[in-house]
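Asker: I'd like to ask you about the structure that follows.
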Amino acid sequence: MLRAIPIMLLAMALIPAGDAAGKLMFNTHGVLPGFVAWLRFVVGAVLLIAITRGKAIEASAFRNPWVLFRGALIAVTIFTILSGIQTVSLSTAFAAFFVGPMVSYLLSVLLLKEQVTWTRTGLLLLGFVGVLLVVRPDAGLSVGAGLAALAGVFYGGYLTASRWLAGKVAGDAMLMVQLTVGAVLLTPFGLSALPETWPPGLWGLIALSGAFSMLGNL
C-alpha cells in the first residue's frame, strides 16, 4: 500500500493541473466550461489510444452498464468543477471539492461494507476542517463554490464506483470508457461553445488540460 502513495500523490497533482489549464483558458481566451470539458475528454481518449496502441478499447467494458455509469459520473464531475472554477479561485474550488473523499468514504461503508476506522475518520474530519477554513461558509456560499462542492459529490460516487469495479474490469479499459462517454455526453455543450478564433496558446492549453487529466486518471 505504501508504494501506491507516491503514485496517488502524482495523480492528485496532475488532475488539478489540468483544471488549472482550463482556468487559464477561461481567463486568457474567454472560452466556456462546456468546450473545455468536452475537449479534455476528446484529447484524453486520443492520447490513451496512442499510449496503449488501441489495447484499452475493450468491447466488454463498453457493454458493462456500471462502467458506463461510472463514465457518466466523471463527465458530470468535470463539467461541474470547470463551471465552478470559472468564477472562483482554484483554492476555493478544490477546498469545496474535498467533499468528494468524504462522500466516497460514506458510500464505501454503506455500499461496499468497508471497515470504519478511527484513523480514516479522523483524517477526513481534519480535511473537512480545512475545507471550512478556506471556504468560510459564514461569509456566504458562492455559486462557484457550490458547483465545486456538487462536483465533489459526483466525484465521491465516481471513486466508489472505481473501487467497486477494481479487479473486475481492466483499469485502462475503464479509463477508455469514461473518456469516450464523457466526449459523447459533452459533445452538444462543446459544439455550442466553439470559440471564434483558435490561437496557438489555446491549442497548447487544450493539450495540457487533456493530457494532465488523462494521465492523472491513468
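Asker: Please find, among Trp198, Trp164, the residue that is closer than 18 Å to Ala21 by Cα and open to solvent by 30 Å² or more (accessible area, probe 1.4 Å).
Answerer: Trp198
Asker: Same structure, new question: Which numbered condition trips up Trp198, out of (1) in contact (Cβ under 8 Å) with a residue 60 or more places away in the chain; (2) part of a loop (DSSP other than H, G, I, E, B)?
Answerer: (1)
Asker: Looking at (1) closer than 12 Å to Phe154 by Cα; (2) crowded, with 22+ Cβ neighbours inside 10 Å, find the lone condition where Val76 falls short.
Answerer: (2)
Asker: Also, quick follow-up: Take the conditions assigned to a helix (DSSP H, G or I) and over 12 Å from the mean Cα position of the chain (by Cα) and apply them to Met8. Does it pass?
Answerer: Criteria met by Met8.
Asker: State whether the residues of segment 102-114 include one that is within 28 Å of Gly34 (Cβ to Cβ) and surrounded by fewer than 17 Cβ atoms within 10 Å (Cβ to Cβ).
Answerer: no
Asker: Could you list, ordered by first residue, the pairs with Cβ atoms under 7 Å in which the first is in segment 46-57 and at positive phi and the second is open to solvent by 60 Å² or more (accessible area, probe 1.4 Å), at least 6 apart or interchain?
Answerer: Every condition considered, no pair remains.
Asker: Shifting gears a bit: Would you point out the residue of segment 139-152, among those that are surrounded by fewer than 20 Cβ atoms within 10 Å (Cβ to Cβ) and either touching a helix residue (DSSP H, G or I) at 6+ places or on another chain (Cβ under 9 Å) or assigned to a helix (DSSP H, G or I) (or both), that is modelled with the highest pLDDT?
Answerer: So the residue we want is Leu150.
Asker: Just one of the numbered conditions (1) more than 23 Å from Leu132 (Cα to Cα); (2) assigned to a helix (DSSP H, G or I) is not true of Phe94; which one?
Answerer: The single condition Phe94 does not satisfy is (1).
Asker: Inside segment 173-188, can you point out the residues that are surrounded by fewer than 17 Cβ atoms within 10 Å (Cβ to Cβ) and either within 18 Å of the chain's Cα centre (by Cα) or small (Gly, Ala, Ser) (or both)?
Answerer: Val184, Thr187
Asker: Okay, next question. What number of residues in segment 32-47 are small (Gly, Ala, Ser) and under 22 Å from Glu196 (Cβ atoms)?
Answerer: 2
Asker: Consider Ile15 carefully, then state whether it is open to solvent by less than 50 Å² (accessible area, probe 1.4 Å), in a helix (DSSP H, G or I) and modelled with pLDDT under 90.
Answerer: In short, yes.
To keep it simple, each residue is scored yes or no on (1) of a type in the set (Ser, Thr, Tyr); (2) more than 17 Å from Phe154 (Cα to Cα); (3) not in a helix (DSSP H, G or I).
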{"position": "Ser108", "(1), (2), (3)": "yes, no, no"}
{"position": "Glu114", "(1), (2), (3)": "no, yes, yes"}
{"position": "Thr121", "(1), (2), (3)": "yes, yes, no"}
{"position": "Gly127", "(1), (2), (3)": "no, yes, no"}
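Asker: Name, by its number, the condition in (1) outside any helix (DSSP H, G or I); (2) open to solvent by 80 Å² or more (accessible area, probe 1.4 Å) that does not hold for Gly54.
Answerer: (2)
Asker: Does segment 57-66 hold any residues that are assigned to a loop (DSSP other than H, G, I, E, B), open to solvent by 60 Å² or more (accessible area, probe 1.4 Å) and over 18 Å from Met214 (Cα atoms), and which are they?
Answerer: The answer is Arg63, and nothing else.
The values are calculated or read from the model by the stated rules, or taken from the named source; none is laboratory data. For clarity, every value in this text was computed on a predicted model and none was experimentally measured. When we count neighbours, we look across all protein chains shown, and the Cβ atoms used for this are built from the backbone with ideal geometry, even at glycine. With ligands, DNA and RNA removed, areas are computed over all heavy atoms of the protein, side chains included. Shrake-Rupley method; radii C 1.70, N 1.55, O 1.52, S 1.80 Å.
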